1. From the list Thr273, Thr255, pick out the single residue that is surrounded by fewer than 16 Cβ atoms within 10 Å (Cβ to Cβ), under 23 Å from the mean Cα position of the chain (by Cα), of a type outside the set (Lys, Arg) and under 26 Å from Met345 (Cβ atoms).
2. Surrounded by fewer than 15 Cβ atoms within 10 Å (Cβ to Cβ), out of contact with any Cys (no Cβ under 6 Å at 6 or more places or on another chain), over 26 Å from Tyr91 (Cα atoms) and at pLDDT 95 or above: does that describe Glu210?
3. Specify the residue that is surrounded by the fewest Cβ atoms within 10 Å (Cβ to Cβ); the eligible residues are those in segment 157-175 that are modelled with pLDDT of 95 or more and not polar (S, T, N, Q).
4. Which residue out of Asp386, Asp338, Asp417 is modelled with pLDDT of 90 or more and either closer than 27 Å to Leu221 by Cβ or under 18 Å from the mean Cα position of the chain (by Cα) (or both)?
5. Quick check on this structure: which one of Tyr317, Tyr292 is under 17 Å from the mean Cα position of the chain (by Cα) and buried (at least 18 other Cβ atoms within 10 Å of the Cβ)?
6. Just to be sure I understand the filter: pairs with C-beta atoms under 6 Å, separated by 6 or more residues or on different chains, first member in segment 234-245 and surrounded by 12 or more Cβ atoms within 10 Å (Cβ to Cβ), second member of a type in the set (A, V, I, L, M, F, W, C). Which pairs pass?
7. Out of the residues in segment 392-426 that are among the charged types (D, E, K, R) and under 17 Å from Phe312 (Cβ atoms), which is surrounded by the most Cβ atoms within 10 Å (Cβ to Cβ)?
8. Here is a list of conditions, (1) farther than 27 Å from Ala271 by Cβ; (2) in contact with a His (Cβ under 8 Å, 6 or more places away or on another chain), and Leu351 meets all of them except one; can you say which number that is?
Amino acid sequence: MLSQSLLTAAVGHCTNNYLKLVPAREAKAPKPVFGQRYMLYAHVPFCERLCPYCSFNRFPFHEKQAVSYFESLRREMQMLKKQGYDFESLYIGGGTPTIMIDELCETIDLARESFSIKEVSTETNPNHLNPVYLGKLQGRLHRLSVGVQSFDNGLLRQMDRFDKYGSGEQALELIKEAAPLFPSFNVDMIFNFPAQTEAILRADLEKVLESGASQTTFYPLMASPSVARSLKATVGKVDYRREQRFYEIISKTLTEAGPTGEKPLFRHGSAWTFNKHEQGMIDEYVVDFEEYPAIGSGGISYLGKSLFVNTFSLAQYGEAVESGHMSYMGKTDFTLHDRMRYRFMMALFGLRLDKRRFKADFGCSIERGLPLEMAFMRASGAFETDNEEELTLTPKGRYLTVVMMRQFFIGVNALRDQARAALPDTESLSFG
């Protein structure tokens, strides 16, 4: 549709302009602001094997290297404590955070001892849903998120996940056993992969419903330019023309009442996350926590007016922490207009924008601060509620927010490409 194409181009242009790294000279994180809520993100970049569509910082797993890395991660965490930070939420991403389960548990325990942690979320893969790992994570986690991407064995082979993590049938059985063990259990899925069909998508949705998961996240494929080129050469070009249709199938299947009036099993937690319960942590923690420091190689922090990117080099990361420094290698500073756009996008992604808070934080109404953005979304029929207090979204508005977020994260992935380009030759070769 025309509005999708226009929005894709506009957000892509904006992110290309303001997501450009310059060298970061800061040795420490900015001091926390009194009264500001913060979440801590920790990145674990190791995987048994690397997936071709992934833009995150990740390296092949080597035990000795990983043990040293987790030690540095915990030391970097303590640097933030000395700076005066406190956190109520911890999100651990990767890579594969559960690749060394005892090291992960020690890191979670230290965070709970050091900060006012109320909830912990970590990512994992289907092959780690075994009784030993689950037993150690149970009681430590509020939320476990498993990367499935698809239950279709053909797609899993294209994603190079079948041999690593098993078949879709095996993943489904493991999820059925693991889901009841945690207050929130999320299944991560991808839609609009080049070889995916409507039939494959509908079959994936049936298995999600069967799995017993309390949450599911359906991401549109968000490849950085380098990954998009690789996908085009191997499995085909990403076709955004069918993305809205796929998204509508997902939303209707998960959130609409059945033909005989059965209550829907899920409700929107964000534009692309669906919850069985009223509340729940989501992968896009930026909705609930506008500012967040990140520790670990490849982590990205948003603090004050700046976005900081940690070095992608494992060697440089270890050296920085050993010397008592944060591992920032680059940063980009947001203008006032950039920050207003960021709030607009993230709040709508979370399904509601508080107009009064926007005006209090930025000194102007959203109509005055973002006249073009508001005019476009109103003309597109994006708003269900548009009054003095708030903006909420129509189904079309939710999809347009998915488009904005997709393009924003493609921009963030391009930022990761910039950081990856600075890797020493020895590490760029091992990255693959």
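The values are calculated or read from the model by the stated rules, or taken from the named source; none is laboratory data. Note that the structure is a prediction, hence the values are computed from the model and not measured. For neighbour counting, all protein chains shown are included, and Cβ atoms are generated from backbone atoms with ideal geometry for every residue, glycine included.
1. Numbers: Thr273 fails: surrounded by fewer than 16 Cβ atoms within 10 Å (Cβ to Cβ).
None of the other options fit; the residue is Thr255.
2. Criteria met by Glu210.
3. Here the residue is Glu169.
4. After ruling out the rest, the residue left standing is Asp338.
5. Tyr292
6. Pairs that qualify, where the first residue is surrounded by 12 or more Cβ atoms within 10 Å (Cβ to Cβ) and the partner is of a type in the set (A, V, I, L, M, F, W, C), are Val235/Ala195; Val238/Leu221.
7. Filtering segment 392-426 for residues that are among the charged types (D, E, K, R) and under 17 Å from Phe312 (Cβ atoms), the one surrounded by the most Cβ atoms within 10 Å (Cβ to Cβ) comes out as Arg416.
8. (1)
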